[in-house]
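This report concerns only the one structure given below.
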Amino acid sequence: MAASPVRMGPNHELIVPDDVVIPYIEGDGTGVDIWPAAQRVFDTAVAASGRHVEWVEVLAGEKAFRETGSWLPEETLEQFRSLLVGIKGPLTTPVGGGIRSLNVALRQLLDLYVCLRPVRWFRGVPSPVCHPERVDMVIFRENTEDVYAGLEVEAGSEEARALRELLRDRFGWDVRDDAGIGIKPISETGSKRLVRAALRYALARGRRSVTLVHKGNIQKYTEGAFRRWGYELVREEFAEVAVAWDDCGGEPGEKLLVKDVIADNALQQVLTRPEDFDVIATTNLNGDYLSDALAAQVGGIGIAPGGNINYESGHGIFEATHGTAPKYAGKDMVNPGSVLLSGVLMFEYLGWNDVAQAIVDALERTIEEGIVTYDFARLRPGSTKVSTSEFGHAVAERITLALAPERHGEEARS
Ligand code: NAP
């Protein structure tokens, strides 16, 4: 039977065939190294589960520009639109080109409003903190609004002059003549759908709390409103199963606790008291800082995964969160952990939890055994430094080995 795409069911549930078509973007720079290593691991884990993925390459970035003259061909967008769920390696941001960032463009064009960034530590990964095992958080970062909306004008431009005049005449606000000006939209719609997704995720996985991270003490009508709308949503839609801190004095009983913390405080507390944080829902820029700061606590960007999701349309693009690391491109050196774990997120999103778990277990076992790429090897004396492809091979091998006892059992029974 031919492979078929993921579809959206009538009740907003994903329908995932056992033989599924998934589009992928290999990625620029080190994409040529990490993608083949990751695909080998994915194929091993998927085959072990009795399912199959037909990978369809779609073009974006330098490869697309070379072959089609476009950084982000319409055909690529069409594939992601129609096949719903895909995965990508890192993409170069074209300097001076028409598109500010291909990643931001993909998120905006498909309205992928959640940037999902789970952050946890894997045994054996070198970390700069004493207790990385206490970090187990899942960040829901709003992906379409805030200063990322791209609404800004350059200092000295005609647009800046016109905007300054409007601000002065209409609002009485004085902005310096030589200022660039950016606009930060934060809407009730955007905030509530993000917090809704975080709450649903937390409830479905039995997590303890959702923390709204904001800078509402200073930016009252944007960041402050995000906090207010978040709490409003809890009372309007989740009263049976979740409760705001102020409504329970921090004693939620059986319910999910929803609390909030100001962004600067959050950045120190995730370091000093990581066990107080579980699921985090936050605005775009805060989420950007928080994701990388947290990733550093558990081993850095070589291993941090990410997903961009629209839970209503079903669209999801899962991605390595690091860049193209051009100086290592084609050298078979870098860590494929980020794209591997993004695949794990993707398989969880598809409901293939057994596949996801098999990859996580094998990855952890490989690192625990001291088989690591250069980035971890330099921080872990005595480890065995391997190439990207060797690392992929080692993880795939451990998936197969983990299944071996079962196979032996089957053989013995037959
Ligand atoms: P980068 O590519 O992430 O590289 C910065 C450093 O991070 C590397 O020099 C390396 O550190 C480490 N690193 C990156 N990937 C790694 C991996 N797989 N394994 C181990 N270490 C890894 O950041 P950049 O140099 O600022 O950006 C280069 C290009 O990537 C730019 O065009 C940028 O726009 C683009 N970018 C794309 C994405 C994306 O597609 N999601 C994200 C960020 C940046 P050491 O040198 O210390 O070993």
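The values are calculated or read from the model by the stated rules, or taken from the named source; none is laboratory data. The structure presented is a predicted model; accordingly, all values stated were derived computationally and were not measured. So basically every Cβ, Gly included, is an ideal-geometry build from the backbone, and we count neighbours across all protein chains shown. Accessible surface areas use protein heavy atoms only, side chains included; no ligands, DNA or RNA. Shrake-Rupley method; radii C 1.70, N 1.55, O 1.52, S 1.80 Å.
Per-structure values
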item	result
Test set (1) touching a helix residue (DSSP H, G or I) at 6+ places or on another chain (Cβ under 6 Å); (2) more than 14 Å from the ligand (Cβ to nearest atom) - GLY337 fails condition number	(2)
Residue satisfying all of: in the range 16-47; of a type in the set (A, V, I, L, M) and open to solvent by 40 Å² or more (accessible area, probe 1.4 Å); farthest from the ligand (Cβ to nearest atom) among these	ALA47
Selection count, the range 306-330, where residues are out of contact with any strand residue (DSSP E or B) (no Cβ under 6 Å at 6 or more places or on another chain) and more than 11 Å from the ligand (Cβ to nearest atom)	6
Selected residue (only one of LEU112, LEU84 is on the phi < 0 side of the Ramachandran plot and either away from the ligand (no atom under 16 Å from the Cβ) or among the hydrophobic types (A, V, I, L, M, F, W, C) (or both))	LEU112
Matching residues in the range 366-375 - criterion: being open to solvent by 10 Å² or more (accessible area, probe 1.4 Å) and over 15 Å from ARG398 (Cβ atoms)	TYR374, ASP375
Qualifying residue in the range 6-15 (condition: under 30 Å from THR373 (Cβ atoms), more than 16 Å from the ligand (Cβ to nearest atom) and open to solvent by less than 20 Å² (accessible area, probe 1.4 Å))	no
Criterion (among the aliphatic types (A, V, I, L, M) and more than 16 Å from the ligand (Cβ to nearest atom)) met by exactly one of VAL58, VAL129	VAL129
Search result, residues across the range 342-394 that are within 16 Å of the ligand (Cβ to nearest atom), farther than 25 Å from PHE140 by Cβ and among the hydroxyl-bearing types (Ser, Thr, Tyr)	THR366, THR373, TYR374, SER383, SER387, THR388, SER389
When residues of the range 245-256 are limited to those that are in contact with a strand residue (DSSP E or B) (Cβ under 6 Å, 6 or more places away or on another chain) and not hydrophobic (A, V, I, L, M, F, W, C), the one least open to solvent (accessible area, probe 1.4 Å)	PRO252
Number of positions in the range 54-68 that are open to solvent by less than 20 Å² (accessible area, probe 1.4 Å) and in a loop (DSSP other than H, G, I, E, B)	3
Residue selected from the range 280-305 under the condition hydroxyl-bearing (Ser, Thr, Tyr) and touching a strand residue (DSSP E or B) at 6+ places or on another chain (Cβ under 9 Å), by the criterion nearest to the ligand (Cβ to nearest atom)	SER291
Test: ARG365 is at pLDDT 95 or above and among the basic types (Lys, Arg)	yes
Among the residues listed as GLY50, GLY61, the single one being of a type in the set (Gly, Ala, Ser) and in contact with a Ser or Thr (Cβ under 7 Å, 6 or more places away or on another chain)	GLY61
